[in-house]
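To start, the structure itself, in structure tokens.
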Amino acid sequence: MLILTPGSTTLETLEKIYYQQLPARLDVDCQPAVEAAAALVRAAANGGSAVYGVNTGFGKLASVKIAPADTETLQRNLILSHCCGVGEALEPAATRLMMVLKLLSLGRGASGVRWDVIAIIEGMLAKNVTPVIPAQGSVGASGDLAPLAHMAAVMIGAGEAEYDGQRLPGGEALKRAGLTPVVLGPKEGLALINGTQFSTALALIGLFAAWRNARAALVTGCLSTDAIMGSTAPLQAMIHTLRGHKGQIETAQAMRDLMAGSVIRESHLDGDTRVQDPYCIRCQPQVLGAALDLLRFAASTLETESNAVTDNPLVTPEGIFSGGNFHAEPVAFAADIIALAVAEIGAIAQRRVALMVDPTLSHDLPPFLTPNPGLNSGYMIAEVTTAALMSENKHLATPCSTDSTPTSANQEDHVSMAAHGARRLLRMNANLSVILGVEAICASQGIEFRAPLTTAPRLQAVITKLRGTIPALTDDRFLAPDIEAAADLVRTDALPCAANLDFAL
């Protein structure tokens with residue numbers, strides 16, 4: 001059980017929660033502040049003044065005053081009416097991460113919910129009651145209303161949830177897990193759905209996957225460099241220090257370390273008639289390094305947002321104030337930045353695949369990396385697949401944050417589109433893992449054609465890992481399982497781990 005401190009939870013902890021699906025709860029030290037804010041909301045609900053979301057309607061209906069006797073009905077109606085999500089359900093690990101982010105936000109003590117609301121989320125995480133969250137329906141402003149409403153619906157005994165391998169009505173799932181639905185008090189429904197946790201969770205997952213892909217790209221890029229007998233001269237530290245970008249400097253250093261001890265490289269230090277390698281080999285530190293810098297910038301934004309209070313109104317000792325922290329523009333920008341990095345990592349990797357299968361550019365490797373070309377096509381169409389995925393990612397990288405449309409009778413007249421901006425990262429990273437998987441296959445095959453010359457020891461460890469699943473290609477065979485297996489090695493971080501790559505976000 002992980003104990004979370006609202007306001008200071010790290011990306012490392014959130015990544016662990018996502019990949020290992022660990023249960024988590026808040027540090028009880030934050031309970032007094034949570035209950036103090038809830039007391040302020042109760043007082044406002046029973047007072048004579050209109051306070052948005054406490055004793056009024058919502059959005060365009062904020063001018064409608066609600067009687068104290070109708071407070072519970074108001075909050076329940078809010079949740080049920082906002083359960084308008086459509087499309088495929090989120091994977092359980094993504095939903096659990098979203099729930100953890102909601103805990104962190106509520107735990108700051110500025111949302112006005114009782115501790116009972118936090119406790120039901122903690123109980124659902126501990127007992128593996130996972131709300132079914134449709135992936136479409138949020139525009140990323142006034143919070144991720146629809147998806148978070150589907151989460152809150154299960155908390156009140158409605159909606160649907162997965163429990164013990166079954167998809168059940170929310171109330172039944174809670175009952176089987178030994179949990180009691182919560183009856184929402186004033187403002188509590190609004191606090192649950194008025195936040196950016198859906199968009200932020202998906203952006204975080206996109207970030208985690210992008211970083212794994214970037215680590216893999218460091219390894220596959222080195223493999224490709226050796227496969228085509230490329231030069232390591234452009235990796236010299238002085239070149240990158242003169243430019244000064246952190247990601248570029250670190251990428252060049254990591255590549256130098258990975259390629260240390262390559263007999264292939266030593267074999268053509270002298271007498272090589274080629275003057276310069278193509279950019280996809282020569283400019284790897286400049287391109288991948290820039291992508292790493294973007295990912296780290298996005299990471300900083302998302303770590304802040306993961307610990308933020310993003311509902312409305314906010315409850316403080318000084319009073320209850322309406323604002324706009326629910327607007328997910330920072331998340332939308334972060335998602336767009338991650339998308340750019342993912343697209344460019346794939347673009348340059350795909351060119352390395354194309355280089356290796358082309359006998360006019362690969363420095364004497366056989367056409368399409370098959371020992372018997374003509375009768376066999378080798379990796380001809382595997383390269384075409386990488387081209388298709390590269391192009392798809394270019395289209396998906398088009399910014400989402402620059403789009404907006406008015407909603408809720410023009411009350412919410414500018415929105416962030418963070419939700420689908422973040423959601424598209426899942427598809428983009430899946431595409432990139434395939435591109436890098438194919439690069440790993442082709443580069444390993446290319447290096448093996450250089451025998452008896454050998455690659456660097458750390459790169460050979462990667463090839464050994466790959467060959468444990470994917471044998472070398474002799475005659476043509478059904479390649480789809482090989483491609484999926486290689487992509488899985490990328491997704492699970494297996495290739496960088498085989499290389500003992502120490503390269504952290």
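Going Cα to Cα from K102, which lysines come in below 24 Å? Please leave out same-chain ones fewer than 8 positions away.
The reachable lysines, counting only those whose Cα sits under 24 Å from K102, are K16, K127, K175, K187.
Around I133, what is the net charge, scoring Lys/Arg as +1 and Asp/Glu as -1 over all other residues with Cβ under 14 Å from its Cβ?
So the surrounding residues net to -1.
Residues in the stretch 70-107 near a label at L2, defined as backbone nitrogen under 16 Å from the 7 Å Cα→Cβ point?
92-107
Only Cα pairs under 8 Å and at least 6 apart count here; give the relative contact order of the chain as a rounded whole percent.
With pairs under 8 Å counted, the relative contact order is 18 percent.
Taking H as built 1.01 Å from N, whose amide H comes closer than 5 Å to the amide H of T316, not counting residues under 5 places away?
Those lying under 5 Å, H to H, from T316 are F321.
So what is the 222 nm mean residue ellipticity for the chain from helices alone, if each DSSP H run of at least 4 adds -39500 (n - 2.57) and you divide by all residues, rounding to the nearest 500 deg cm²/dmol?
Only helices count here, giving -17500 deg cm²/dmol.
Rounded if a/c is under 1.5, else prolate if a/b beats b/c, else oblate: with a ≥ b ≥ c from the C-alpha gyration tensor eigenvalues square-rooted, which is the stretch 237-300?
Because a/c hits 1.5 or more and a/b exceeds b/c, the stretch 237-300 counts as prolate.
Residue by residue through the stretch 126-136, what is 3J(HN,Hα) from phi via Karplus (6.51 cos²θ - 1.76 cosθ + 1.60, θ = phi - 60°)? Round to whole Hz and write x for glycine and proline.
Rounded to whole hertz, the list is 5, 9, 6, 8, 10, x, 7, 10, x, 7, 10.
Name the residues whose placed amide hydrogens come within less than 5 Å of the amide hydrogen of E412, ignoring near sequence neighbours (fewer than 5 apart) on the same chain.
T407
Given C-alpha coordinates of the stretch 114-261, what is the ratio Rg to Rh with the Kirkwood estimate of Rh?
Rg/Rh: 1.26.
Tell me which aspartates and glutamates have Cα within less than 16 Å of K394's Cα, excluding those fewer than 8 residues away on the same chain?
D336, E344
Could you give the distance between the Cα centres of the stretch 86-159 and the stretch 167-191, to the whole Å?
11
Suppose every Lys and Arg Cβ carries +1 and every Asp and Glu Cβ carries -1, with no other charges. What dipole size does the chain come out with about its Cα centre, to the nearest 20 debye?
Rounded to the nearest 20 debye, it is 340 debye.
L2's amide H: which non-local residues (gap 5+, or another chain) put their own amide H closer than 5 Å, with H modeled 1.01 Å from N in plane and none for Pro or chain starts?
When sequence neighbours closer than 5 places are left aside, the close amide H contacts are A24, R25.
Out of N372, A214, Y279, whose Cα points farthest toward the positive end of the dipole of the chain (charges: +1 Lys, Arg; -1 Asp, Glu; placed on Cβ)?
A214
What percentages make up the Cα-Cα pair-distance distribution of the stretch 352-453 when the bins are 5 Å wide from 0?
Over the stretch 352-453, the share of Cα pairs per 5 Å bin runs 2, 12, 17, 15, 12, 9, 8, 7, 6, 5, 3, 3, 2, 0, 0 percent.
Could you give each residue of the stretch 290-303 its phi-based ³J(HN,Hα) in whole Hz, using Karplus coefficients 6.51, -1.76, 1.60 with θ = phi - 60°, and x for Gly or Pro?
5, 5, 4, 4, 5, 4, 5, 5, 5, 4, 4, 4, 6, 5
Can you list the lysines whose alpha carbon is less than 19 Å from that of K246, not counting same-chain residues fewer than 8 positions off?
none
Lys/Arg Cβ at +1, Asp/Glu Cβ at -1, dipole of the chain taken about the Cα centre: which of Q197, L148, T316 is farthest positive-ward?
Toward the positive end, the furthest listed residue is T316.
For the stretch 444-453, take each phi angle, set θ = phi - 60°, evaluate the Karplus expression 6.51 cos²θ - 1.76 cosθ + 1.60, and give the result in whole Hz per residue in order, putting x for glycine and proline.
Coupling constants for the stretch 444-453: 5, 4, x, 4, 5, 5, 7, 3, x, 5 Hz.
If you roll a 1.4 angstrom probe over the protein chains with everything in place, what fraction of the accessible area of the chain belongs to carbon and sulfur, to the nearest %?
Its accessible area is 56 percent carbon and sulfur atoms.
The values are calculated or read from the model by the stated rules, or taken from the named source; none is laboratory data. Since this is a predicted model, take the numbers as computed values, not measurements. As a convention, Cβ positions derive from the backbone with ideal geometry for all residues, glycine included, and neighbour counts pool all protein chains shown. Quick note on the areas: whole protein, heavy atoms, side chains included, nothing else; ligands and nucleic acids left out. Shrake-Rupley method; radii C 1.70, N 1.55, O 1.52, S 1.80 Å.
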